[in-house]
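Just below is one structure, and these are the notes that go with it.
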Amino acid sequence: MLRLDHVSKTYRVGSFGRGRLTAVRDVGFELQPGEVLSLIGESGSGKSTIGRMILRLLQPTGGSITCDGVDIAQLHGNALKEYYRGVQGVFQDPFSSYNPIFKADRVFSLVHAEFFPEVSGDEWRERLEKALESVALNPGDVLHKFPHQLSGGQLQRLLVARALLLEIRYLVADEIISMLDASTRIDVLNLLADLKERGLGILFITHDLSLGNYISDSTIILRHGAVVEMGATEKVFGDPRHPYTQHLLASVPLLREKWSRDGAWTPTAAQSFAQGEIPSLVRVEDDHLVAAG
């Protein structure tokens, strides 16, 4: 499993780095193969910092991150390369992952050269076509194209295909659909669900509660870098215990509801997420949400 134990991250800030900013505070959780775990919080809550520490792009200030019991901070050389065979990330802006002067499929040739130099060209092309087809891409539509010639959804799926070529076990999906249009979002979400069914463990980082509810088995709610609520998704969304979680869920706009100034009773999003019904209500008192019972 992928495990975080009491992980913290503090940055130096201010003049000459004399100040300290704690972005992540004593976070711990486990991600199992075949599980989708949503990491949910507002901007600045530490979600992406956690993802980058898992990917070894940042080092924790405290605590440890282990994969199958091995502390990833101790990995170097070939051991680190083997870690990256099993753990990869896909990020929010798909265009930032590509060099615009090269064709998009250069990301595959780099994987071939770095991780599978012994594989022949013909065999690699066969593997590549299978990986593209597994993420619902037609090789003829996306290969030998520059990034600007492809949509954001196509570029994101190319990155997922790259990860599949490495036969990864864990994927850090950091806001990977926030820049996509609504029709493409559901395609990428369904792709992640399909990968989960194949045994892939996915850390789904998002600020969108509805997306996290749609796809995840477990949910972690972050606030100011700390875990305020964690558990099975249906429990967190259906029976939130922490006031911050309750506030987040009650603030989600619903398609069947209209905004009102008059402080009238308003359905909570928590019950609608969990049950598709609205049996409990909240009201607004002095600019605060108050449960009806």
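State whether one or more residues within segment 64-81 are over 29 Å from M1 (Cα atoms), assigned by TED's automatic domain parsing to the domain that holds N190, part of a helix (DSSP H, G or I) and among the charged types (D, E, K, R).
No: segment 64-81 contains no residue that is over 29 Å from M1 (Cα atoms), assigned by TED's automatic domain parsing to the domain that holds N190, part of a helix (DSSP H, G or I) and among the charged types (D, E, K, R).
Taking into account only those residues within segment 130-144 that are under 22 Å from R185 (Cβ atoms) and of a type outside the set (A, V, I, L, M, F, W, C), which is surrounded by the most Cβ atoms within 10 Å (Cβ to Cβ)?
Of everything passing the filter in segment 130-144, S134 is surrounded by the most Cβ atoms within 10 Å (Cβ to Cβ).
Here is a check on your reading of the model: is G34 of a type in the set (G, A, S), assigned to a loop (DSSP other than H, G, I, E, B) and in contact with a helix residue (DSSP H, G or I) (Cβ under 9 Å, 6 or more places away or on another chain)?
Answer is yes for this residue.
Give the residues of segment 84-118 that are of a type in the set (A, V, I, L, M), part of a loop (DSSP other than H, G, I, E, B) and surrounded by 14 or more Cβ atoms within 10 Å (Cβ to Cβ), sorted by residue number.
A104
Being among the basic types (K, R) and closer than 23 Å to I65 by Cα narrows it down to one residue among R185, R169; which is it?
R169
Please indicate, with yes or no, whether at least one residue in segment 5-17 is among the aliphatic types (A, V, I, L, M), in contact (Cβ under 8 Å) with a residue 24 or more places away in the chain and part of a helix (DSSP H, G or I).
Checked against the condition, which is being among the aliphatic types (A, V, I, L, M), in contact (Cβ under 8 Å) with a residue 24 or more places away in the chain and part of a helix (DSSP H, G or I), segment 5-17 yields no hits at all.
Within the set of pairs 6 or more residues apart or between chains, which connect a residue that is touching a residue at least 40 places away in the same chain (Cβ under 8 Å) inside segment 96-115 to a residue that is among the acidic types (D, E) and outside any helix (DSSP H, G or I) with Cβ atoms less than 7 Å apart?
Nothing qualifies.
Please find, within segment 167-186, the residue that is surrounded by the most Cβ atoms within 10 Å (Cβ to Cβ) out of those that are without any contact (Cβ under 8 Å) to a residue 60 or more places away in the chain and hydroxyl-bearing (S, T, Y). Please lay out each step first, then the result.
Initially, segment 167-186 is screened for residues without any contact (Cβ under 8 Å) to a residue 60 or more places away in the chain, giving 177, 180-186.
Adding the requirement that they be hydroxyl-bearing (S, T, Y) leaves 183-184.
On the way: S183: 8, T184: 17.
Here the residue is T184.
How do the helices (runs of 4 or more DSSP H) wholly within segment 148-234 filter down when requiring 2 or more residues that are touching a helix residue (DSSP H, G or I) at 6+ places or on another chain (Cβ under 6 Å) and either among the polar types (S, T, N, Q) or under 30 Å from W124 (Cβ atoms) (or both): which remain?
Output list reads 152-165, 182-197.
The values are calculated or read from the model by the stated rules, or taken from the named source; none is laboratory data. What you see is a predicted model, and the numbers here were worked out from it, not measured in a lab. Positions of Cβ are backbone-derived with ideal geometry, glycine not excepted, and every protein chain shown enters the neighbour counts.
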